[in-house]
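A.B. asks: Take a look at this one; I'll ask things after.
The values are calculated or read from the model by the stated rules, or taken from the named source; none is laboratory data. Since we're looking at a predicted model, the values are computed, not measured. Here the Cβ positions follow ideal geometry from the backbone for every residue, glycine too, while neighbour counts run over all protein chains shown.
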Amino acid sequence: MSKPANILIVDDEPNVRLMFRTALASSGYQVTMAEDGASALDWLAGGKADVILLDLHMPGMDGMEVLQRLRESGDDTPIVIVTAHGNVPNAVQAMKLGAIDFLTKPLTPDKLRATVADVIERQADRKHVAESPPAVPEPVTAASQFADDLRRAKRALNRCAFDEAEVFLKQAIALNPNSAETHNLMGVLHECRNEHDASYREYKAALKADRHYGPAKHNLTRYYERFTFGRSDLLLDKGDTTEEG
């Protein structure tokens, strides 16, 4: 029987630590807790976690500094950032520093368990690939990272998880600024938030990248009708929302 995965929870709020521990322990995980960044680093100096749930905003050493120190020291433990709702810029920065995923508070126990299970499964897949004969190596390229970000953005949009979708769309646009599909999806996201000026700019950017891209043309027509007549019978066009990448 395999040893249960050890999850390190780093959060300065006792109620959050308790909720996370209860949710994960009930699924059979081993749980370790740290109340601040310094305590987490002290424990990691002699202990090993399979996944770290790391709060960004803590007194003293914040989560971003903990993440940076771990990566600079060569520690590649999968880190899931936990941040307040709407704090997209910090989540984007954390992903650039090497976080594998992020969660926004408040969150449900089911969402927490699903994210941890997904991270562990991804790590198991990578370990299996690493231990397999290197017949056809598949390095992480900008194209493969773009495809992964786009897939995860679509998944988040389909769940109406707009903050999460924004993080992955921004990363995808940074990797490929000329993707009409990505700009159109960002426009859809802005419309869902009633940010109409921003959606207009993204639809225009999509058509600048590909003037024949149908979903962006459709959404821009919808925008003009709403602006001119106060309403439109057209529905938002997300394009291909298939999540497989």
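A.B. asks: Check Gly74 against each of (1) outside any helix (DSSP H, G or I); (2) touching a residue at least 12 places away in the same chain (Cβ under 8 Å) and name the one condition it does not meet.
C.D. replies: Result: Gly74 fails condition (2) only.
A.B. asks: Please determine, by comparing only the residues of the range 211-245 that are of a type in the set (Asp, Glu) and surrounded by 12 or more Cβ atoms within 10 Å (Cβ to Cβ), which one is nearest to Arg151 (Cα to Cα).
C.D. replies: Among residues in the range 211-245 that are of a type in the set (Asp, Glu) and surrounded by 12 or more Cβ atoms within 10 Å (Cβ to Cβ), the one nearest to Arg151 (Cα to Cα) is Glu243.
A.B. asks: Further, regarding this structure: For the range 219-235, indicate whether the set of residues that are assigned to a helix (DSSP H, G or I) and among the aliphatic types (A, V, I, L, M) is non-empty.
C.D. replies: yes
A.B. asks: Identify the residue in the range 101-137 that is at pLDDT 85 or above and part of a loop (DSSP other than H, G, I, E, B) and, among all such residues, is farthest from Val82 (Cα to Cα).
C.D. replies: By that ranking, first place goes to Thr108.
A.B. asks: Is it true that Leu157 is at pLDDT below 90, closer than 27 Å to Arg231 by Cβ and either assigned to a helix (DSSP H, G or I) or of a type in the set (Ser, Thr, Tyr) (or both)?
C.D. replies: Criteria met by Leu157.
A.B. asks: Go through (1) touching a residue at least 12 places away in the same chain (Cβ under 8 Å); (2) out of contact with any helix residue (DSSP H, G or I) (no Cβ under 6 Å at 6 or more places or on another chain); (3) not polar (S, T, N, Q) and name the single condition Val88 misses.
C.D. replies: (2)
A.B. asks: Identify, please: which residue in the range 185-215 is aromatic (Phe, Trp, Tyr) and in a helix (DSSP H, G or I) and is, among those, nearest to Arg231 (Cα to Cα)?
C.D. replies: Tyr200
A.B. asks: Is it the case that Ala91 is crowded, with 16+ Cβ neighbours inside 10 Å and within 21 Å of Ala124 (Cβ to Cβ)?
C.D. replies: Criteria not met by Ala91.
A.B. asks: In the range 199-210, is there at least one residue being buried (at least 20 other Cβ atoms within 10 Å of the Cβ), within 19 Å of Arg151 (Cβ to Cβ) and of a type in the set (A, V, I, L, M, F, W, C)?
C.D. replies: yes
A.B. asks: To continue, here is another question. Which of the residues spanning the range 1-18 are in a loop (DSSP other than H, G, I, E, B) and surrounded by 13 or more Cβ atoms within 10 Å (Cβ to Cβ)?
C.D. replies: Across the range 1-18, the qualifying residues are Pro4, Ala5, Asp11, Asp12, Glu13.
A.B. asks: Can you say whether Asp36 is under 26 Å from Asp149 (Cβ atoms) and among the charged types (D, E, K, R), as far as the supplied structure shows?
C.D. replies: So Asp36 does not fit the description; no.
A.B. asks: Additional query: If you scan the range 19-61, which residues turn out to be surrounded by fewer than 13 Cβ atoms within 10 Å (Cβ to Cβ) and part of a loop (DSSP other than H, G, I, E, B)?
C.D. replies: Listed by number, the residues that qualify are Ser26, Gly28, Ala45, Gly46, Gly47, Lys48, Pro59, Gly60.
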